[in-house]
1. Of the conditions (1) closer than 26 Å to GLY384 by Cβ; (2) touching a helix residue (DSSP H, G or I) at 6+ places or on another chain (Cβ under 7 Å), VAL133 clears all except one; give me its number.
2. Out of everything in the stretch 232-255 that is surrounded by fewer than 19 Cβ atoms within 10 Å (Cβ to Cβ) and among the hydrophobic types (A, V, I, L, M, F, W, C), what residue ends up being nearest to ALA80 (Cα to Cα)?
3. With respect to PRO168, determine if the residue is in a loop (DSSP other than H, G, I, E, B), over 20 Å from the mean Cα position of the chain (by Cα) and under 30 Å from ALA407 (Cα atoms).
4. Provide a single number: the residues in the stretch 33-69 that are among the acidic types (Asp, Glu) and in a strand (DSSP E or B).
5. Of the residues ARG313, ARG333, ARG280, only one is within 33 Å of the chain's Cα centre (by Cα) and touching a residue at least 24 places away in the same chain (Cβ under 8 Å); which?
6. Tell me yes or no: at least one residue of the stretch 63-71 is over 21 Å from PRO117 (Cα atoms) and assigned by TED's automatic domain parsing to the domain that holds PRO195.
7. Quick test for you: out of THR348, THR320, pick the one residue that is out of contact with any Lys or Arg (no Cβ under 7 Å at 6 or more places or on another chain) and in contact (Cβ under 8 Å) with a residue 12 or more places away in the chain.
8. Condition test on VAL371, is it surrounded by 22 or more Cβ atoms within 10 Å (Cβ to Cβ), modelled with pLDDT of 95 or more and among the aliphatic types (A, V, I, L, M)?
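The values are calculated or read from the model by the stated rules, or taken from the named source; none is laboratory data. Since the model is a prediction, treat every value here as computed from it, not as a measurement. Here Cβ is always computed from backbone atoms with ideal geometry, including for glycine, and neighbour counts include all displayed protein chains.
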Amino acid sequence: MTGALPEQVLVIGGGLAALAAAISARRAGARVTMLEAAPRELRGGNTRHSRNLRIAHDRPTAQIPGSYSEDEFMADLAKASEGRADPALSRLLARASSDLPGWLAAQGIVFQTRDIPHSRKTAFFLGGGRAAVNALYATAERLGVRVLYGAGVDGVDLGSGAAKPFHPCATVIACGGMQAAMQAARPGFINRGTPYARGEVLRRALADGAEAAGDAEAAHLVAVDARSPHADGGIVTRVDGMEFGMAVDARGARFADETAVTGPTRYAMWGRLVADLPERGATLVLDAVGIERAPLSVFPPLEASTLPELAERIGADAATLEASAREAGRVTRPPFFAFPMRPGITFTCLGLRVDETARVVRRDGSPCVNVFAAGMIMAPNILGTGYVAGGGMTVGAVFGRIAGEEAARHALA
């Protein structure tokens, strides 16, 4: 964009949080440049793999049945974070979530209003996260936001807000966590999301005096098919249906009660269990009945007519596998099927401390004047090392809006 005036607000990132920040800042009158590290065809970060947001609402709407109060939202956040959630930020999130469907619809997102999956707590994007991302990019570009692709930066100066070669009046950091870096450091793990969330900006900010939130060693994990792509496989790679069969380790031995947890928390539970195994791998085994009851998979199962044959296919001990089947009591009718599993990283749980204006907070307690953060890079303030369905998208949209509006206010003052 030769001859253009320099940006007043710089937004680093390309997912929902970054888009909400860029659109909000632009609607407030600031000139905005948005830096997306991915190429255009992979834009959108982990939002591309999302499908819903958690919304507080007092009565049924076209997008959400029933009701879900702010206090219930707060209680769910407190439980998921094991009491580590910042109460003020949590209350802000729950309260501000209520008008997200209307605001996002005004930015072009279409919500599902027919055949809605059963949930009184979340609203679903029609067409999923990719459709939502495309709608928001179209709005941002129509409003005049300058979007640069393949434009990652290494860090942001917490004093000036500069991110070389850019020198804006205010900067919003919304480039996610560091799951790609965690995957590289932990052989056997699979990155379910964007490979561009490497954490350079996060590490630089922490090294330069920003206060941390969350835990550097923690991540939201789910069990995924071991044949998944190295990164960017998304929700379809998830393995489910353990309660209809048995989960076994490399020897063919069961390592957990498959029926202990069957609610939404089962996904994270199995991710952690598989990650804790020495080999960081396991196998879901189903019989002819279980395969019909388990959710469909995009990957074909390994199949054998007997358990010893299946043991050979998965590299397990035949006697151990047969003993596990007798113990479980759910794997009896041939043929038998297997899905190899690995721990899949959804996002990491280390982030930047922020205040209620989304400003990054330094270790001495002082807020940065013109550096803001939104999305998963600050979500540990609220989620800790836990998660609630749709919560990450809500954090991104709510704090993206706040960060964009506050950044524009500072830039235009």
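1. Here VAL133 meets the rest and fails (1).
2. Ranking the qualifying residues of the stretch 232-255, first place goes to ILE235.
3. Taking the combined requirement at face value, the residue satisfies it.
4. Final tally of qualifying residues: 1.
5. From the options ARG313, ARG333, ARG280, the qualifying one is ARG280.
6. Looking for residues that are over 21 Å from PRO117 (Cα atoms) and assigned by TED's automatic domain parsing to the domain that holds PRO195, one finds at least one in the stretch 63-71, hence yes.
7. THR348
8. It is true that VAL371 is surrounded by 22 or more Cβ atoms within 10 Å (Cβ to Cβ), modelled with pLDDT of 95 or more and among the aliphatic types (A, V, I, L, M).
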